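A.B. asks: Before we start, here is the structure in question, set down as structure tokens.
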Amino acid sequence: MIPESNFLLHGADYNYEQWLKRKDILEEDLLLMKKSHMNVMTLNVFGWSLLEKEDGVYDFSFLDERIESLHREGIKVILATPSGARPAWLAEKYPEVLRTNSRREKELFGIRHNHCPSSPLYRRKVREMDERLSQRYGSHPAVVMWHISNELGGECHCPLCQENFRSWLKDKYGNLDNLNEAWNTAFWSHTYTSWSQIQSPSPIGEYLVHGQNLDWRRFLSDQYISFMKEEIDAVRKYSPSVPVTTNLMYFFEGIDYVKLAKELDVVSWDNYPRWNAERDSFSVALDTAFFHDRIRSLKGEPFILMESSPSSTNWQNTACLKTPGMHEASALQAVAHGSDSVQYFQWRQSRGCSEMFHGAVLSHNGRSDTRVFSEVSKLGEDLEKLECVKGAETRNKVAIIYDTENAWAIEEIQGYKMNKKNYHETLVSSYAPFYRRGIGVDIVDQSADISSYSLVVAPMLYMVKAGFTDKVKAFIDDGGVFVTTYMSGIVDENDLAFLNGAPGPLEDILGLRVEETDSLPDGRTNRVEMDGRSYINRDISDIVISEGAEVLATYSSSFYKGIPALLKNGNAYYIAFRSDGSLEDDLFSRLSSELSLPSAPFKGEKGVVGVMRGKYMFVFNFSDKDSRFTPDYPMKDLLSGRSVEGEVELEVNGVMVLEME
Ligand code: GLA
Ligand code: ZN
């Protein structure tokens, strides 16, 4: 991924611009970076106003100095393009770069991540900056990666964006008749008779035409991808062989990340789990594991953990500290799931403004004899011992379908349980049975090639896109097992209902049809019986009619008592109700053994988790207490160098990296 490097990256966002008047601090930084075993720094994320103090007047001397100094110390540089925050002079001189919000208010200069992605002027200024960076640093031996912008996303509703939206629609639909049909605009007399009538969704205007909302989100996503591509072209101009990334965010759906990832050489993301806050460590680990897997699956290759907090995260409701050991467990969790780096936001705590209390490797006192600094340094040493893990691939037999457009469509639904659709929660609870058993999972969308998996789980696949059904048919014919659930097969890509009713195009595959769906108020539950076991049913219950599918479980309460609740049609399963996860746990456990899915070779107490990456097994104690596990056979622990055999004690937050046979 990074030419010539065979080590795991360990580093931080280095916002040196905030310390230019403190030469002593800049000097000290280098010493402390070495002391904490850092080998990479991300520079220039917010460096624009330092590099271009007025229009067209560039000064790279400070950046030159920092890159050279880091290079002298053997520290690599991930160089960011600074388009995530623009200088004040630029906004003042060219107001077109400012965003207009959905209420059509023009925003003032301020904060960051707020440029209009359509503005030709902004794109030009960014390109000019990026080309200069590329020319100056693109073949510098310290520069190992380009970091495009920062956490891309957001909306602009200015006239330029409206115009681009309309041309995007013209390209897609050709004529208004097609558009009106796709958007079902005959509803509430919304038929458009001229392109100029179409606007982006707004709380003071149109926001209830689902097709329009979906297309606006698709358009926005395409806009950001095209903005990013322009930046990629600019940095590649003089630097064709340095890989390019941009930093992604947890469950962020403003951009279709599957599409975006195709343009990147390396995927990276910013991970801020709420360790030690509202939930137990296992639940946080589960959620985080899901997202690491999602990020890895975007390219099916190792990724980069671009940001994480070395201690607390100031923007969370409660900025909890990580308990001792959690830093290492959290960092190595990323590595276990495919990261070739552990990086932080940020190196040194800012002196002022909104992030002055965000955790950092160095806090305001700048001391290196702190708990955080020593945990960071210890991790740095351990990452050096784990060099061999770098580049190791993960190959899984299970895929969960998490589809961004499906998520958008689910958000549009006005029905079922309005405030408890819980798509993300359902994805994670479908992932949990595998995670608990040390079975690796890829997280892909409907465009993925699913032919190499043994089991594909598609929870709440509300929107079924053209082509997906045929893919599933072929997968099943090939011996694959497919599982889907309630709220699946309801709409097509335009958010129009399938006219055979749910599960729409999946009807033949599943051998059933959904006649009605009941939504349960909070506190009201049904029961479902299977093989003498009883399961709780909350929120959603489909009333299903089998058209040949075998009935594996039935409701045992309510007026639909006796109606099928879990069905199997050959290799296709339909879960008709939302449980507390226990039905999935039993079903996936059974399927895992039937399909002999590979699992991490160990037995552990509750909360001890095994994650396989290549020939390495990472074992974590996320149980919030000291716990035990037993590897299936003697293995070498890469961190201690010792062989591990029989029952092992793993202290709270403990982690071991074992080499499997
Ligand atoms: C994001 C940003 C960083 C910083 C961190 C704080 O990930 O990219 O610049 O603001 O959040 O958690
Ligand atoms: Zn705009």
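The values are calculated or read from the model by the stated rules, or taken from the named source; none is laboratory data. What you see is a predicted model; the values in this text were computed from it and never measured. Every residue, glycine as well, gets a Cβ built from its backbone with ideal geometry; the counts of neighbours run over all protein chains shown. Accessible surface areas use protein heavy atoms only, side chains included; no ligands, DNA or RNA. Shrake-Rupley method; radii C 1.70, N 1.55, O 1.52, S 1.80 Å.
A.B. asks: Taking 0.36 nm per residue of separation and subtracting the Cα-Cα distance, what length does fully extending Phe252 through Glu278 add? Walk me through the numbers before you get to the answer.
C.D. replies: Working: separation 26, 0.36 × 26 = 9.36 nm, distance 2.09 nm.
7.3 nm is the gain from fully extending Phe252 to Glu278.
A.B. asks: Give the calculated FRET efficiency between Lys473 and Arg395 to the nearest 0.05, with a Förster radius of 22 Å applied to their Cβ-Cβ distance.
C.D. replies: On the way: r = 24 Å, r/R0 = 1.10.
According to the calculation, E is roughly 0.35.
A.B. asks: Rounded to the nearest 20 Debye, what is the dipole magnitude of the chain about its Cα centre when Lys and Arg each give +1 and Asp and Glu each give -1 at the C-beta? Each step should come with its number before you reach the end.
C.D. replies: Working: 72 positive and 97 negative charges, 207 e Å.
The calculated dipole for the chain is roughly 1000 debye.
A.B. asks: Now, a different point. What chymotrypsin sites (Phe, Trp or Tyr not before Pro) does region 1-79 have in DSSP loop regions with at most 10 other beta carbons within 10 Å?
C.D. replies: On the way: sites: Phe7, Tyr14, Tyr16, Trp19, Phe46, Trp48, Tyr58, Phe60, Phe62; in loops: Phe7, Tyr14, Phe46, Phe60.
Answer by residue number: there is no such site.
A.B. asks: I've got another one for you. Residues of the chain: accessible area per residue at 1.4 Å, in Å²?
C.D. replies: Details: 25690 Å² over 661 residues.
I get 39 Å² per residue for this part.
A.B. asks: List the residues whose amide H sits under 5 Å from the amide H of Ser623, counting only those 5 or more places along or on another chain, with H placed 1.01 Å from N in the peptide plane.
C.D. replies: Distant-sequence amide H within range of Ser623: Asn653.
A.B. asks: In region 363-467, which trypsin sites (Lys or Arg not before Pro) are in a loop and have at most 13 other Cβ atoms within 10 Å, using DSSP for the loop call?
C.D. replies: Numbers: sites: Arg367, Arg371, Lys378, Lys385, Lys390, Arg395, Lys397, Lys417, Lys420, Lys421, Arg436, Arg437, Lys465; in loops: Arg367, Lys390, Arg395, Lys397, Lys417, Lys420, Lys421, Arg437, Lys465.
When the trypsin sites (Lys or Arg not before Pro) of region 363-467 are filtered for loop state and at most 13 Cβ neighbours within 10 Å, Arg367, Arg395 remain.
A.B. asks: Using 1/(1 + (r/R0)^6) with R0 = 30 angstrom and r between the beta carbons of Glu594 and Ile545, what's the FRET efficiency to the nearest 0.05?
C.D. replies: Working: r = 27 Å, r/R0 = 0.89.
Efficiency, rounded to the nearest 0.05: 0.65.
A.B. asks: Would you mind putting 108-115, 133-140 in packing order, based on average other-beta-carbon counts within 10 Å, highest first? Write down the numbers at each step before the final one.
C.D. replies: Details: 108-115: 14.4, 133-140: 18.9.
Packing order, densest peptide first, comes out as 133-140, 108-115.
A.B. asks: Let me ask another. When the accessible area of the chain is computed with all protein chains present and a 1.4 Å probe, what percentage of it is carbon and sulfur? Could the numbers behind the result be given before it?
C.D. replies: Details: 12560 of 25690 Å².
Ligands and nucleic acids excluded, carbon and sulfur reach 49 percent.
A.B. asks: How much FRET efficiency would the formula 1/(1 + (r/R0)^6) give for Lys229 and Trp195, where r is the Cβ-Cβ distance and R0 is 25 Å, rounded to 0.05? Can you show the working numbers first?
C.D. replies: Values: r = 26 Å, r/R0 = 1.03.
With R0 = 25 Å, the Cβ-Cβ based efficiency is 0.45.
A.B. asks: Between Ser447 and Glu659, what length in nm is gained on full extension when 0.36 nm per residue of separation is reduced by their alpha carbon distance?
C.D. replies: 72.9 nm
A.B. asks: Between Asp59 and Ser534, how many nm apart are label points set 7 Å from Cα along the C-beta direction?
C.D. replies: 7.6 nm
A.B. asks: Calculate the dipole size of region 529-661 relative to its Cα centre from +1 charges on Lys and Arg beta carbons and -1 charges on Asp and Glu beta carbons; express the result in debye to the nearest 20.
C.D. replies: On the way: 14 positive and 22 negative charges, 28 e Å.
So the dipole magnitude of region 529-661 works out to roughly 140 debye.
A.B. asks: For Glu647, put the label point 7 Å out on the Cα→Cβ axis and report which residues of region 619-638 keep their amide N under 13 Å from it.
C.D. replies: 627-631
A.B. asks: For region 269-418, what does the relative contact order come out to in percent, with C-alpha contacts under 8 Å and a separation of six or more? Write down the numbers at each step before the final one.
C.D. replies: Values: 173 pairs, mean separation 33.3, N = 150.
So the answer I get is 22 percent.
A.B. asks: Roughly how many debye, to the nearest 20, is the charge dipole of region 297-450 about its Cα centre, given +1 on each Lys and Arg Cβ, -1 on each Asp and Glu Cβ, and no other charges?
C.D. replies: Working: 16 positive and 20 negative charges, 116 e Å.
Magnitude of the dipole: close to 560 debye.
A.B. asks: Say the dipole of region 548-659 comes from +1 at the beta carbon of Lys and Arg and -1 at that of Asp and Glu; which of Gly646, Ser596, Pro564 then lies farthest toward its positive end?
C.D. replies: The Cα lying farthest towards the positive end belongs to Pro564.
A.B. asks: Still on this model: Please name whichever of Met418, Val372, Val428 sits farthest to the positive end of the charge dipole of region 338-447, dipole taken about the Cα centre and charges placed at Cβ: Lys and Arg +1, Asp and Glu -1.
C.D. replies: Projecting each Cα onto the dipole axis, the largest value belongs to Val372.
A.B. asks: Let me ask something else. What's the extension gain from Glu381 to Ser202 if we count 0.36 nm per residue and subtract their Cα-Cα distance? Spell out each step's value before the answer.
C.D. replies: Details: separation 179, 0.36 × 179 = 64.44 nm, distance 5.19 nm.
Difference between extended and current length: 59.2 nm.
A.B. asks: Please report the relative contact order for the chain, taking Cα pairs under 8 Å with a sequence separation of at least 6, and give it as a percent rounded to a whole number. Working shown, then result.
C.D. replies: Values: 1323 pairs, mean separation 69.6, N = 661.
Value for the chain: 11 percent.
A.B. asks: Moving on to the next point. Peptides 210-220, 154-164: what's the order by average Cβ count within 10 Å, highest mean first?
C.D. replies: Numbers: 210-220: 22.0, 154-164: 18.6.
The most tightly packed comes first, giving 210-220, 154-164.
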